[in-house]
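This report refers to the structure that appears directly beneath it.
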Amino acid sequence: MKPFFVSFFLFLSYSAAAIVVTPGEWDFGTIESDGGLVSQVVQILNNSEREITVTLISTCGCLTVAPAMLKLQAGESGAVTFFFDPVYEKGRVEKDMIILTTQPGVPKTLFLVRGEVLEARDGKKGGAAEESPAALAAGRVVQLQFYYSPGCKSCLRFLKHSIPELEKKLNLKIEVAPFDILNPEVYEDFHARLANLGVEEKAFPALFVGGVLLQGDREIAAKLEGELLAFAQGNGQDQPGVAAIEPGHREQIGVELAVLPILLAGLLDGVNPCAFTTLIFLISSLALAGRSRRETLYIGIFFTTAVFLTYYLIGLGLFQGLRAASVFPIIALIIKWALIGALLLLSGLSLYDYFIVRSGKSSEVVLQLPRFFKLKIHGTIRKRVRTTALIGSSLMLGVLVSIFELACTGQVYFPVIVYLVRLGNDPRAYLYLLLYNSSFIVPLLLVFLLIYFGINSGVIVSFFQRSIKLVKLGLAFLFLTLSVITFLI
């Protein structure tokens, strides 16, 4: 009698809820307990005049469904797949799947799943059994859109560990397009997709599997596997009316434009009057100390190595700190506009210095090393160039000079670091930091090589003095370019 009453109840409920479920129930027949999963595709039609959301909840661990939620427009139908696992069942089986809708005033309805499970016979599996969901989905490619903030540790664990584990378990190829939710344009796109689905923002991270949205770590962990299986088998829900967002579209603008400005920034900072004047003083001091060309080259190599490592480690620390702070939207916004303002100011001051140098008043430029730091650097150089501990002294000299010079070279370096933070969670940002510092030491190495091969230091000094105004003009253009790119990303 139960099947009759359940079917009658279903008929009344579906009519009231204005949904039509086909078939009205699922009889999987007679199967053996070791025969594996059996499945049934069920169509659900929204027969009402309004959009509804259908949620399916199993009453038994042996009965699962994917996807567990459908959003249907008026007159639209969607497919779900039921899976029944007979391994722990025996005899006559009757299980219910609860069907809920957002139709006002409509109670929950029940979908009946029934059949008979026989004890397994050795060496034989039931012929009615079908392949497992993982086998049905094997080899498919599923694309996900993942919205998260760069400082979210659970998000990084999800990308690094959970996705590979799911790929291995389900035999799927999962392609994840990450989106930095702190980027205002990305956040705007995300809300456009929410509006199209008719749902509200609940939690981050958020994940789209086709047209299905999962929000928060807990919901993603609970439902992602089922949604992946359903989507890979072609039963997943596509999102109507929303064009797919290109993965990392806006972040790629900054990444693609990053290489050349960073390369130029490093080179220009390397011939920045702050750094180059110190280098010339070092070479002159080595000559006065009676150092040979070979010794000068060795000192130059160790000095340059220390400069590179010191600058890179300082930059890495600042980069990590600013990236961690940028997980807060208000801080990320402040960083962006503060950087744009600083870059425009530095561009203007560099242009001003260009005209000052052009008028023959190089000592009056604004962007130069303060006198206090100049005296500190010169005193350190005089002390270190005469010591007999060549390697240790050269390394220490490089570290100390780098720290003192930051008061001036930081005018280029710090904006570049903040600019790299604005690139989001792209791992290439670390490579760009290496690129900047490698470019920065190129002029240092070149000068030491020229001295080693017999070029007089006076020739180098003369060339530098003639080039100051071009360096200042180049810095003005560089700062302006970085400000424009920062505005775009």
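Each value in this text was obtained by applying a stated rule to the coordinates, not by laboratory testing. Quick caveat, the model's predicted, so the values are computed rather than measured. Methodologically, a virtual Cβ is constructed for each residue, glycine included, from the backbone with ideal geometry; neighbour enumeration extends over all protein chains shown.
A Förster distance of 56 Å, applied to the separation of the beta-carbon atoms of Glu167 and Leu344, puts the FRET efficiency at 0.75. In this rough spin-label picture, where each label sits 7 Å from Cα along the Cβ direction, the Asn456-Leu263 distance is 3.5 nm. Fully extending the segment from Leu431 to Arg92, taken as 0.36 nm per residue of separation minus the present Cα-Cα distance, adds 115.7 nm. The value for the range 250-488 of Rg(Cα) / (2.2 N^0.38 Å) is 1.04. Any idea how far the Cα center of the range 18-49 sits from the one of the range 426-474, in Å? If you average the Cα positions of each part, the centres end up 72 Å apart.
Each of Lys383, Lys160 was scored by other Cβ atoms within 10 Å of its Cβ. Listed from fewest to most, they are Lys160, Lys383. Sorting Glu116, Glu364 from the fewest to the most surrounding beta carbons within 10 angstrom yields Glu364, Glu116. Legend: calculated FRET efficiency, Ile334 to Leu446, from the Cβ-Cβ distance at R0 = 30 Å, rounded to 0.05, equals 0.15. This ranking places Asp269, Asp217 by how few other beta-carbon atoms lie within 10 Å of each, fewest first, which gives Asp217, Asp269.
In this simple spin-label model, placing a label point 7 Å from the Cα along the Cα-to-Cβ direction at both Arg293 and Glu219 gives a separation of 7.2 nm. Taking 7 Å steps out from each Cα toward its Cβ at Glu185 and Leu156 produces label points 2.6 nm apart.
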